[in-house]
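Working notes, beginning with the structure itself.
Laboratory data are not the source of any read-out in this text; all were calculated from the coordinates shown. The model shown is predicted, which means the values in this text are computed figures rather than measured ones. Cβ atoms come from the backbone with ideal geometry, glycine included; neighbour counts cover every protein chain shown.
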Amino acid sequence: MGMADSLGMGSGPRAVLMTRVVAEGQRVLEALGGHRETFAGLAGLGNLLVRTDRDSQAPGYRVGLKLGAGQAPGSGRVPDEVKAVGAGARLAKRAGLRAPVLEEVAKVVAGDSTAALAAAALGEQVATQE
């Protein structure tokens, strides 16, 4: 969401993105043996909302702002939520799941894409399972 905010996305696209993230999280959780409903609770959606609020001081959100502006995430410790993106994308791929948001964000974090390219790629895809 930091990348989305850095790109100037409005409330509508932000809500669509959040919905897609929740759906992907539920699919990954279920593939790992968890219950989809768990992601709707405090540890899933609640944590996501707090860490992605526009007023957030969460380290991952701040890294997203930098990545969205085309900047390097900075030196020092990489926040756990940023590391988790790549792990989540790998888990989804291994499970044969459709997870375009995880995949695109993982590319940006790895330096293989930009936030603008990721947003364009996601905008061209139809959200079939969300």
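For the chain, what does the helix formula give at 222 nm: sum of -39500 (n - 2.57) over DSSP H segments with n ≥ 4, over the residue count, nearest 500 deg cm²/dmol?
On the way: 7 runs with 77 residues, N = 130.
Estimated from H runs of four or more residues: -18000 deg cm²/dmol.
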Subject >> Zone residues, the stretch 15-52, relative to ARG98, backbone N less than 18 Å from point 7 Å out along Cα-to-Cβ >> reply: 16-31
**OP:** Identify the trypsin sites (Lys or Arg not before Pro) of the stretch 1-70 meeting these criteria: DSSP loop state and at most 16 other C-beta atoms within 10 Å of the C-beta.
**Re:** ARG54
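Sorting VAL50, VAL21 on the 10 Å Cβ count, fewest up front, what's the list?
Numbers: VAL50 12, VAL21 20.
Arranged by neighbour count, lowest to highest, VAL50, VAL21 become VAL50, VAL21.
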Original post:
Among the GluC sites (Glu not before Pro) within the stretch 22-68, which fall in a DSSP loop and have no more than 11 other Cβ atoms within 10 Å of their own Cβ?
Top reply: none
Original post:
For the chain, with equal point scatterers placed on the C-alpha atoms only and solvent neglected, what are the log10 I(q)/I(0) values from the Debye formula at q = 0.21, 0.23 1/Å, to two decimals?
Top reply: -1.42, -1.70
